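Notes follow once the structure below has been shown.
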Ligand SMILES: Cc1cc2nc3c(=O)[nH]c(=O)nc-3n(C[C@H](O)[C@H](O)[C@H](O)COP(=O)(O)OP(=O)(O)OC[C@H]3O[C@@H](n4cnc5c(N)ncnc54)[C@H](O)[C@@H]3O)c2cc1C
């Protein structure tokens, strides 16, 4: 990726106030840029709200990978499975699925995993630094416990984790030791894997903490303000965005509007093949016994996040529907999983189901970098299952790009230029 920032870039408009836009605004402000953040709704109100809050470099492997198509085919026949694909008659979505299928091979998977792991390599320090700088949010540092109904699957997970660069070793926990590590398991799953590097935050608190910090630092945050158009200068640069009935000029623009980034960038002639991977969560106000870890119910692909107040159960992946309304049957299927893996756990007082769209491109990697034809516009999206994990690192990379600093070698793998042929 070539250098974009020339040192003369001062004013930046960040479009989108999810975790990615908030962290971009944070890093840019810290580096001396004048930042305005424009959010169509409430900061942190999109996919960044009801997710699991996991900060999990251990899950750096991109979604497309060897064996994924076979598993997906099996799941598509089961209405209670973690995956639902509704391709309909939209040819561009069929194109997306075909491109996804092409990335389901070992070479792309390992290459992608290397790039994501490199981007995620300093997440622990980055979240600590945010707290040291005064960003207030709830965080839990007990590690991530992956539970398996088959010991072989746990061994395969250990083998995968050993292949992820920069990762401290994980520990295999035998069935007999599981109850001690996590009493709610009742010794039922066959084995567990404890990834000590991972931790979790309460995502609403994280977004709210960032937004509050930005406002206190003097950054202009404009909620309930949708960007409706981008004004170009000679077709090679954007001069301003139109939002809230006014014009916001700047030297550079960051498009961090989640799945909406596709529509905004297409108006500039850039193709970013984003689709929403819909997922659900339900937050229970009361639970017992207290959970010690964030827990992944591996075969069911369901996650459980214990917070200071309440426990969140989340999962499912629905492709081909951008309607955010939850599907009650799929929510019910998701909520059956904790009973199987955590038989001692009781959950009470559920919130209404929440749903969010994970911004996903077919290779499963984030999209971070300047648009080729309009290089003063930086895309920052496509984080799929890892938006919280990678938000601070994304903010730093975007700030490096706009400051004209040398970029790490993995940055080219994330560039939106990979979609222009
Ligand atoms: C069920 C579920 C569980 C998840 N769990 C985890 C997890 O544990 N850990 C993890 O790392 N990731 C997790 N994720 C993924 C994570 O939630 C996303 O990757 C992340 O939230 C994406 O952030 P974003 O800022 O790109 O998008 P969003 O949070 O969707 O933010 C985009 C924002 O842009 C705004 N916007 C859109 N268009 C415009 C416009 N024209 N003008 C102005 N503003 C606009 C929207 O209103 C929105 O607020 C999960 C996702 C789901 C669905």
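The values are calculated or read from the model by the stated rules, or taken from the named source; none is laboratory data. Since the structure is predicted, the reported quantities are computational estimates derived from the model, not experimental observations. FYI the Cβ positions are ideal-geometry reconstructions off the backbone, even for glycines, and counts take in every protein chain you see.
Results, tabulated for the structure shown:
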read-out	value
Count of region 385-396 residues which are touching a strand residue (DSSP E or B) at 6+ places or on another chain (Cβ under 8 Å) and surrounded by fewer than 24 Cβ atoms within 10 Å (Cβ to Cβ)	1
Residue match in region 58-73 (condition: crowded, with 21+ Cβ neighbours inside 10 Å, at positive phi and either modelled with pLDDT of 85 or more or assigned to a loop (DSSP other than H, G, I, E, B) (or both))	no
Any pair with Cβ under 8 angstrom, 6 or more apart, that starts in region 305-323 at a residue that is closer than 10 Å to residue 281 by Cα and at pLDDT below 95 and ends at one that is away from the ligand (no atom under 13 Å from the Cβ) and not in a strand (DSSP E or B)	316/333
Filter result (over 18 Å from the mean Cα position of the chain (by Cα) and not in a loop (DSSP other than H, G, I, E, B)) within region 306-328	306, 311, 328
Top-ranked residue of region 242-266 - restricted to ones that are modelled with pLDDT of 95 or more, in a loop (DSSP other than H, G, I, E, B) and within 11 Å of the ligand (Cβ to nearest atom), ranked as surrounded by the most Cβ atoms within 10 Å (Cβ to Cβ)	256
Any hit, region 290-297, residues being within 29 Å of residue 381 (Cβ to Cβ) and more than 10 Å from the ligand (Cβ to nearest atom)	yes
Spans of strands (runs of 3 or more DSSP E) in region 336-392 with at least 3 residues within 19 Å of the chain's Cα centre (by Cα)	354-360, 367-370, 377-381
Answer from 239, 285, 303 - the residue that is touching a strand residue (DSSP E or B) at 6+ places or on another chain (Cβ under 9 Å), part of a strand (DSSP E or B) and within 11 Å of the ligand (Cβ to nearest atom)	303
Those residues of region 96-110 which are in a helix (DSSP H, G or I) and farther than 16 Å from residue 419 by Cβ, in sequence order	101, 106, 107, 109, 110
